[in-house]
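**Student:** The structure is given below, and queries will be raised subsequently.
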There are 2 protein chains.
Amino acid sequence: MNLRDLRYLLAIAEHGHFGQAAEACGVSQPTLSVQVRKLEALLGVTLFERGGRGAVPTDACQRLIGHVRVAVAEADAILQTARSLRDPLAGRFRLGIIPTLAPYLLPLVFAPLREAMPALEIEPWEDQTASLLAGLREHALDAALLATEPDGPDLDHTCLFDEPFLAALPPEHRLACRDRIGEEDLASDILVLADGHCLREQALAVCGLSTALGGPLRASSLATLLNMVAAGYGTTLIPALASGPAEDAGIVLRPLVREASRTVRIVWRARFPRREAVEAVGRIVAQRLRGFAASGATGSSTKTGSSTKTGSSTKM
Amino acid sequence: MNLRDLRYLLAIAEHGHFGQAAEACGVSQPTLSVQVRKLEALLGVTLFERGGRGAVPTDACQRLIGHVRVAVAEADAILQTARSLRDPLAGRFRLGIIPTLAPYLLPLVFAPLREAMPALEIEPWEDQTASLLAGLREHALDAALLATEPDGPDLDHTCLFDEPFLAALPPEHRLACRDRIGEEDLASDILVLADGHCLREQALAVCGLSTALGGPLRASSLATLLNMVAAGYGTTLIPALASGPAEDAGIVLRPLVREASRTVRIVWRARFPRREAVEAVGRIVAQRLRGFAASGATGSSTKTGSSTKTGSSTKM
DNA sequence: TCGCCGCGATAGGCCCTGTCTATGCCCATA
DNA sequence: TATGGGCATAGACAGGGCCTATCGCGGCGA
């Protein structure tokens with residue numbers, strides 16, 4: 001059975017006339033005769049009573065025609081819906097973001113994204129790197145903003161911008177008087193995040209500490225960490241986008257001597273079909289952050305720049 | 001767009017695997033690859049993200065698949081419904097019957113019809129000959145039981161049985177003492193039905209009277225006519241099937257000298273597709289009435305016997 | 001690290017079938 | 001009886017669906 005034949009059926013039922021229905025369908029009259037006859041043979045039911053004055057639907061046809069109408073209408077709905085789905089910069093876009101980035105980046109880029117792509121419904125999803133990668137691989141996410149280079153050939157990525165690390169000190173800290181802080185000087189009393197946060201590993205590495213170390217504190221969020229520093233429990237490294245809230249908390253921020261940084265990337269499945277959406281999101285984020293970091297953001301060098309000059313893009 | 005392609009789409013979405021879906025659909029895997037690709041081109045939307053471990057429906061596919069399911073389900077419903085409509089001895093059967101026949105014939109044949117064809121939903125419709133013929137021609141009726149021969153080549157008919165006329169007399173009538181009544185003897189005080197009833201013309205013709213005559217009374221129903229006769233207002237001719245109610249009303253019934261009768265036929269549109277249903281209904285009615293009339297019923301002589309030996313089948 | 005395996009895509013050929021034009025048949029009408 | 005409208009039929013052609021065979025690619029185990 002064919003949708004085309006069902007459309008023929010509807011046209012004939014509507015016009016009560018093979019010839020007029022054929023014209024309405026844009027085919028010749030014999031075409032309708034043949035096709036309807038085949039449909040009747042398939043169904044085992046006579047659909048029209050042909051007479052001298054056109055064709056009249058039979059009782060059986062009347063009973064079937066409701067289903068026919070619905071089937072054809074749904075087929076049209078498929079075409080219609082597909083048309084609206086055709087724009088890759090429209091529809092749902094599930095974007096994963098790591099917790100040390102989301103609260104500080106999202107307020108900066110959400111409005112520009114909305115303005116540039118009003119039809120793209122971005123659904124942010126905040127979780128740690130490993131969960132986001134798993135979410136990508138099981139199609140729960142369309143893309144993710146990470147600060148590490150993803151593994152495996154099934155994922156592609158583009159570097160968006162470099163985000164410098166800053167030393168975060170209590171105002172009364174002995175290092176607070178310096179203009180720049182040496183990375184190793186923080187090692188003695190550094191506080192870090194809980195396992196799973198990429199920032200934990202990166203901060204420790206920058207200070208030359210082993211991953212296993214880092215003191216007894218395992219802060220579950222950057223906000224907690226900042227509050228601990230503000231309360232004088234120690235120092236930490238924060239990504240530059242978090243500097244606003246840090247200063248609000250009364251923390252002293254200082255640039256690092258070797259200007260360590262992390263590279264923020266957008267990551268997606270290599271086979272994800274809406275590549276345009278990914279690239280547009282990445283482009284707009286990079287644009288908004290351009291000039292933010294000293295090293296600047298490149299923004300569109302897919303599969304390049306796996307390690308920047310600062311070497312902070314440690315794999316997790 | 002093709003229903004087959006939509007079934008392919010559903011199979012792939014269900015199995016998450018082109019090969020398994022192909023097997024389920026009974027086609028080869030390349031067939032699905034090609035057809036889905038064409039469907040994607042038609043819709044302008046990527047439906048599946050092909051990966052190393054099968055195929056995953058895209059977001060767009062998820063949005064479309066509801067419509068696809070409905071369309072395919074409706075197509076199946078068409079096939080399913082058609083299967084149940086395939087039996088010509090099932091479904092609605094609108095049967096017109098003239099008023100001088102319906103009240104007396106229906107009680108006799110309804111049970112046998114039901115027993116023989118339990119799936120045939122016979123909807124009786126009582127009206128005068130002209131209305132029934134019009135109803136047939138505008139497809140409001142499927143068949144009709146008439147006592148006249150229909151005109152025009154668009155209608156076919158079969159003679160079912162001959163129904164003798166009987167003289168109906170008040171008990172105190174001067175002719176009541178005779179065993180048989182001469183048709184012309186009724187002419188003096190005969191009462192007849194209103195215009196439009198074929199029995200009116202037939203009764204007048206049998207008595208040798210012009211159609212224009214027949215006295216001032218125009219009874220609107222045979223029951224009224226019988227009550228008028230019973231009350232002594234005159235005589236009339238009744239069809240034999242009405243003899244029971246007539247006798248119940250205290251009327252004297254007598255056979256006619258020339259055994260005038262009318263022929264009951266089943267009439268249908270020559271192009272009506274459910275010929276079997278018509279023939280079965282006619283056969284069962286004839287069977288039930290077999291031996292009822294002295295002359296007997298033939299029951300299946302289509303387009304023959306347009307005039308019986310009694311010559312009572314006057315055209316209207 | 002190499003080769004195998006699973007999965008989807010591609011190529012080429014066959015056959016079905018949908019469509020056309022031309023024509024026939026039937027019926028209604030003038 | 002002739003004519004015209006309406007659907008069915010016939011024959012031919014083209015497009016498309018399906019097949020088998022093969023390729024390309026990525027994953028995985030030896």
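**Student:** Kindly indicate whether any position in segment A:177-186 is open to solvent by less than 30 Å² (accessible area, probe 1.4 Å) and either in a strand (DSSP E or B) or within 14 Å of chain B (Cβ to nearest Cβ) (or both).
**Tutor:** So far as segment A:177-186 goes, yes, one or more of its residues are open to solvent by less than 30 Å² (accessible area, probe 1.4 Å) and either in a strand (DSSP E or B) or within 14 Å of chain B (Cβ to nearest Cβ) (or both).
**Student:** Within segment B:85-118, can you find the residues that are buried (at least 16 other Cβ atoms within 10 Å of the Cβ), part of a loop (DSSP other than H, G, I, E, B) and in contact with a Gly (Cβ under 8 Å, 6 or more places away or on another chain)?
**Tutor:** Across segment B:85-118, there are no qualifying residues.
**Student:** Can you find, within segment A:52-68, the residue that is nearest to the chain's Cα centre (by Cα) among those that are more than 7 Å from chain B (Cβ to nearest Cβ) and open to solvent by 60 Å² or more (accessible area, probe 1.4 Å)?
**Tutor:** Selected residue: A:Q62.
**Student:** For segment B:229-248, how many residues are open to solvent by 50 Å² or more (accessible area, probe 1.4 Å), in a helix (DSSP H, G or I) and either in contact (Cβ under 8 Å) with a residue 24 or more places away in the chain or hydroxyl-bearing (S, T, Y) (or both)?
**Tutor:** 1
**Student:** Restricting attention to segment A:19-46, and to residues there that are within 14 Å of chain B (Cβ to nearest Cβ) and out of contact with any helix residue (DSSP H, G or I) (no Cβ under 7 Å at 6 or more places or on another chain), which single residue is nearest to DNA strand D (Cβ to nearest atom)?
**Tutor:** Per the stated criteria, the residue is A:R37.
**Student:** Of all the residues that make up segment A:269-286, how many are part of a loop (DSSP other than H, G, I, E, B) and either more than 12 Å from chain B (Cβ to nearest Cβ) or under 10 Å from A:D142 (Cα atoms) (or both)?
**Tutor:** 3
**Student:** Go through (1) open to solvent by less than 40 Å² (accessible area, probe 1.4 Å); (2) under 19 Å from B:L3 (Cβ atoms) one by one and return the number of the condition A:G16 breaks.
**Tutor:** (2)
**Student:** Looking at segment B:123-167 only, could you name the residues that are assigned to a helix (DSSP H, G or I), surrounded by 22 or more Cβ atoms within 10 Å (Cβ to Cβ) and within 14 Å of chain A (Cβ to nearest Cβ)?
**Tutor:** B:L136
**Student:** On to the next question. If you check B:E49 against the conditions, is it facing chain A (nearest Cβ under 9 Å) and either part of a loop (DSSP other than H, G, I, E, B) or more than 30 Å from the chain's Cα centre (by Cα) (or both)?
**Tutor:** Taking the combined requirement at face value, the residue satisfies it.
**Student:** Turning to a different aspect of this structure: Within segment B:19-45, track down each residue that is open to solvent by 60 Å² or more (accessible area, probe 1.4 Å), within 28 Å of A:D87 (Cβ to Cβ) and free of Cβ contacts under 8 Å to residues at least 24 places away in the same chain.
**Tutor:** Correct list: B:V34, B:R37, B:A41.
**Student:** Turning to a different aspect of this structure: Is there a residue in segment B:69-84 that is within 15 Å of DNA strand C (Cβ to nearest atom) and surrounded by fewer than 15 Cβ atoms within 10 Å (Cβ to Cβ)?
**Tutor:** no
**Student:** Okay, next question. Of the residues in segment A:45-55, how many are within 12 Å of DNA strand C (Cβ to nearest atom) and not basic (K, R)?
**Tutor:** The number of residues fulfilling the criteria is 3.
The values are calculated or read from the model by the stated rules, or taken from the named source; none is laboratory data. These numbers come from a predicted model, not from an experiment. Cβ atoms come from the backbone with ideal geometry, glycine included; neighbour counts cover every protein chain shown. Side chains included, ligands, DNA and RNA excluded: accessible areas come from the protein's heavy atoms. Shrake-Rupley method; radii C 1.70, N 1.55, O 1.52, S 1.80 Å.
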